[in-house]
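In what follows, a single structure is set out as structure tokens and then discussed.
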Amino acid sequence: MGNSARTPAGGVGLIFWLRVFVAIAGHVSLWTIAIAQVVRLARPRWWARAPFLPIPDPKYVEFRLITQYGSAGTPQPADVIDYLRWCRETGR
């Protein structure tokens, strides 16, 4: 694929999420909406399944990445910041 942000399964890797975390850490005004979105998008009963983290279903993430970027696009942490701003502005 030639895409360093994607994992072989089509999702995004740990490095991408670390970069997103750092980007959000620099935007204090987005912390509350970021936490709300983590809770909203977490798999049902996430605490009962490994990796025991409130992460979205990998199939959902893959679907959203393909609809946003196509099969070869590269997600950027700035896109997550834009998404969080949109969520805050629209009350989502």
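Bear in mind these aren't lab numbers, they're just calculated from the coordinates by the rules spelled out. Owing to the predicted nature of the structure, the values given are computational and were not obtained by experimental measurement. We place every Cβ from the backbone using ideal geometry, glycine too, and count neighbours over all the protein chains shown.
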Hey, if you put +1 on the Cβ of every Lys and Arg and -1 on every Asp and Glu Cβ in segment 14-90, which of Ile15, Ile81, Ala36 ends up farthest toward the positive end of that dipole?
-> Ala36
How high is the relative contact order of segment 14-90, given as a whole-number percent (alpha carbon pairs under 8 Å, six or more residues apart)?
-> 36 percent
Go through segment 16-29 residue by residue and turn each phi into a ³J(HN,Hα) via Karplus (6.51, -1.76, 1.60, θ = phi - 60°); whole Hz please, and just put x for glycine and proline.
-> 4, 5, 5, 5, 5, 4, 4, 4, 5, 4, x, 10, 3, 5
Per DSSP H run of at least 4 residues, take -39500 (n - 2.57); add these up for the chain, divide by its residues and hand me the 222 nm value, nearest 500 deg cm²/dmol.
-> -16500 deg cm²/dmol
Report the calculated FRET efficiency for Glu89 and Arg45 (r = Cβ-Cβ distance, R0 = 25 Å), to the nearest 0.05.
-> 0.20
